[in-house]
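**Q** Got a structure here, written out as structure tokens. Questions coming.
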Amino acid sequence: MSLTHTIINKLTPSEKCTPSRPDKHSDGDGLQLWVRHTGNKVWISAYRWQGKQQSLTLGKYPVITLQQARQRNLEIKQLIHEGINPKDKKKEKLAEQDGSRLFDTIAQTWYADRKTFLASSTFSRNYSAYTRDVKPVIGQI
């Protein structure tokens, strides 16, 4: 049976609900509403990626409405159909939105500050080592 706003508003944590085991209510096609022991309601999209069960949090109810959750679930199914892992897509999207948190951005700011305190040869040597050895490995994290 599909969820409705009336049913969702009446949901409360059951006696079996614990911090590690929320109550799960299915809307169909992998969309679930988890009711936590605190009473919080969270939308989860459950899917299979490369034969393994995966889940992706869509957001809290009522901030994310039933209609919005269903739409996001359809978008996730479309990504899977296109051969894209929805978790990877979400990570890329977060990285694009907040590029200031990338290691490389922070390191560049730090090096710009250090340039005034170091001799040019020392700065050049250190910065060269960073761009050659560190940036390719963890710069985009």
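**Q** Return the only residue of Lys90, Lys52 being open to solvent by 50 Å² or more (accessible area, probe 1.4 Å), of a type outside the set (Ser, Thr, Tyr) and in contact (Cβ under 8 Å) with a residue 12 or more places away in the chain.
**A** From the options Lys90, Lys52, the qualifying one is Lys90.
**Q** Working carefully through the options Thr109, Thr57, find the one that is among the β-branched types (Val, Ile, Thr) and exposed (fewer than 12 other Cβ atoms within 10 Å of the Cβ).
**A** Step by step, each of Thr109, Thr57 is checked, and only Thr109 is among the β-branched types (Val, Ile, Thr) and exposed (fewer than 12 other Cβ atoms within 10 Å of the Cβ).
**Q** Ok, one more. Which numbered condition trips up Leu58, out of (1) within 16 Å of the chain's Cα centre (by Cα); (2) under 30 Å from Thr131 (Cβ atoms)?
**A** (2)
**Q** Note down all Cβ pairs under 7 Å where the first residue falls in the range 1-12 and is touching a residue at least 60 places away in the same chain (Cβ under 8 Å), the second is among the aliphatic types (A, V, I, L, M) and not in a helix (DSSP H, G or I), and they're at least six residues apart or on different chains.
**A** Leu3/Leu33
**Q** Only one residue in Asn85, Asn126, Asn73 is over 17 Å from Gly30 (Cα atoms) and in contact with a Phe, Trp or Tyr (Cβ under 9 Å, 6 or more places away or on another chain). Which one?
**A** From the options Asn85, Asn126, Asn73, the qualifying one is Asn126.
**Q** Residues that are of a type in the set (Ser, Thr, Tyr) and closer than 22 Å to Lys90 by Cα: does the range 7-20 have at least one?
**A** no
**Q** I'd like to know if the range 35-45 contains one or more residues that are in a helix (DSSP H, G or I), small (Gly, Ala, Ser) and open to solvent by less than 20 Å² (accessible area, probe 1.4 Å).
**A** No, the range 35-45 has no match at all.
**Q** Turning to a different aspect of this structure: For the range 1-28, how many residues are in contact with a helix residue (DSSP H, G or I) (Cβ under 7 Å, 6 or more places away or on another chain) and more than 25 Å from Ile76 (Cα to Cα)?
**A** Here the count works out to 0.
**Q** If Val63 satisfies every condition in (1) open to solvent by 40 Å² or more (accessible area, probe 1.4 Å); (2) closer than 30 Å to Asn9 by Cβ; (3) outside any loop (DSSP other than H, G, I, E, B) but one, which is the exception?
**A** If we test Val63 against (1) open to solvent by 40 Å² or more (accessible area, probe 1.4 Å); (2) closer than 30 Å to Asn9 by Cβ; (3) outside any loop (DSSP other than H, G, I, E, B), just (3) comes out false.
The values are calculated or read from the model by the stated rules, or taken from the named source; none is laboratory data. Note that the coordinates shown come from a computational prediction; the quantities given were computed from them, not determined experimentally. Note: ideal-geometry Cβ built from the backbone for every residue, glycine included; neighbour counts use all protein chains shown. With ligands, DNA and RNA removed, areas are computed over all heavy atoms of the protein, side chains included. Shrake-Rupley method; radii C 1.70, N 1.55, O 1.52, S 1.80 Å.
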